[in-house]
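See below for the structure under consideration.
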Amino acid sequence: MTAKIIDGKAFAAKVRAQVATHVAKIKQSHGVTPGLAVVLVGEDPASQVYVRSKGKMTVEVGMNSYEHKLDADTPEADLLALIDQLNNDDNVHGILVQLPVPDHINEDLVINSINPAKDVDGFHISNVGLLGTGQKSMVPCTPLGCLMMLRDYHGSLSGLDAVIIGRSNIVGKPMAQLLLGDSCTVTIAHSRTRDLPDVVRRADIVVAAVGRPEMVPGDWIKPGATVIDVGINRLDAPEKGEGKTRLVGDVDFASVSQVAGAITPVPGGVGPMTIACLLANTLTACCRAGGFEEPEGLTA
Ligand code: NAD
């Protein structure tokens, strides 16, 4: 079998277009422009790239982008004061603090000081609790993007066996809640799971979110299963030239794509969906704040 490739890049472009159309609509009918504030503390090069590309795409869909770059040694109190200011700014509908923050700053405190209604990352404990109890919440962007692709490919997910490898707060746990919400039978596997290959072999849906390059081989996959590869791992690629690198997922694409029914590639799978879902969440937050109609299919 050769798996169907789930094209996250094309899907994300569709989501962004849908967001842009709805943004134009609420601008026209309500005179409101959704705004996303992104806060970056320090000069981590990868974070700088993410923040730049988030800002660019925010503007492309017609929203306002507010970037706040703080020095790496910014005191925690100053960051909290900025968040308080953004919480009280009616032009800001979404707030994202780029993680990780420097060690002297308490990450949990920062996340939980964001107004939950503006918490477009969905990491605030209130949103985690709302999601866990099946209530309307802001949903973390990466698992939301995975869910959208799974719904699009399968239609109904009801009754399917889903195995998520990885139990992080950012991906694994919220992914489990979302798939449970869609009536999958969910298993979360992790670094202490016994007989991981056998656990994964049961799955109709595998979501790999581990951070270990090409860890999942084809012989762990049930024939015809759908495989969502969240991992982003950079490997040296001397074959491309000195100092060059390439991106790989947590799944061994070459062997898994021979067995799976469908698979997301890396790059071009989950990654682009994450930013598209951030824009969707900002729009959702704006609609909820203003009491405007929410767009179809852009949240859980
Ligand atoms: P994390 O380090 O917080 O969590 C990794 C999880 O993997 C842990 O729960 C751990 O128990 C589990 N694990 C580690 N070794 C294992 C093993 N040998 N067997 C089974 N489980 C094992 O990572 P994270 O933040 O969830 O990210 C996971 C991967 O997803 C990383 O590669 C990250 O870069 C990527 N990621 C991608 C996006 C995206 O937009 N595509 C977003 C977030 C994270």
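The values are calculated or read from the model by the stated rules, or taken from the named source; none is laboratory data. Every value quoted in this text rests on a predicted model; they were computed, and no experiment measured them. Here Cβ is always computed from backbone atoms with ideal geometry, including for glycine, and neighbour counts include all displayed protein chains.
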Quick one: is residue 171 touching a strand residue (DSSP E or B) at 6+ places or on another chain (Cβ under 6 Å), surrounded by 17 or more Cβ atoms within 10 Å (Cβ to Cβ) and within 30 Å of residue 124 (Cβ to Cβ)?
no
Under 8 Å by Cβ, and 6 or more places apart or on different chains, what pairs join a residue from the range 195-221 that is farther than 21 Å from residue 247 by Cβ with one that is hydroxyl-bearing (Ser, Thr, Tyr) and within 14 Å of the ligand (Cβ to nearest atom)?
199/187; 199/193; 202/187; 203/187
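Let's see how each residue does on (1) touching a Cys at 6+ places or on another chain (Cβ under 9 Å); (2) modelled with pLDDT of 95 or more:
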{"residue": "239", "(1), (2)": "no, no"}
{"residue": "249", "(1), (2)": "no, yes"}
{"residue": "253", "(1), (2)": "no, yes"}
{"residue": "256", "(1), (2)": "no, yes"}
{"residue": "261", "(1), (2)": "no, yes"}
{"residue": "293", "(1), (2)": "yes, yes"}
Screening 103, 108 for residues that are assigned to a helix (DSSP H, G or I) and surrounded by fewer than 22 Cβ atoms within 10 Å (Cβ to Cβ) leaves only 108
Do we find that residue 25 is touching a strand residue (DSSP E or B) at 6+ places or on another chain (Cβ under 7 Å), of a type in the set (Lys, Arg) and not assigned by TED's automatic domain parsing to the domain that holds residue 205 in this structure?
no
For a quick check of your reading of the model, give me the residue pairs whose first member lies in the range 29-46 and is among the hydroxyl-bearing types (Ser, Thr, Tyr) and at pLDDT 95 or above, whose second is in a loop (DSSP other than H, G, I, E, B) and buried (at least 22 other Cβ atoms within 10 Å of the Cβ), with beta-carbon atoms closer than 8 Å and at least 6 apart or on different chains.
33/63
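If I filter the range 185-206 for residues that are closer than 25 Å to residue 50 by Cα and β-branched (Val, Ile, Thr), do I get at least one hit?
First, the residues of the range 185-206 that are closer than 25 Å to residue 50 by Cα: none.
Within the range 185-206, not a single residue is closer than 25 Å to residue 50 by Cα and β-branched (Val, Ile, Thr).
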Take residue 189 and tell me if it is crowded, with 19+ Cβ neighbours inside 10 Å and within 23 Å of residue 7 (Cβ to Cβ).
no
Residues that are touching a residue at least 60 places away in the same chain (Cβ under 8 Å) and more than 17 Å from residue 270 (Cβ to Cβ), drawn from the range 168-184
181
In the range 230-276, which residues are surrounded by 19 or more Cβ atoms within 10 Å (Cβ to Cβ), more than 9 Å from the ligand (Cβ to nearest atom) and assigned to a helix (DSSP H, G or I)?
253, 256, 276
Do we find that residue 203 is within 13 Å of the ligand (Cβ to nearest atom), at pLDDT 95 or above and surrounded by 16 or more Cβ atoms within 10 Å (Cβ to Cβ) in this structure?
no
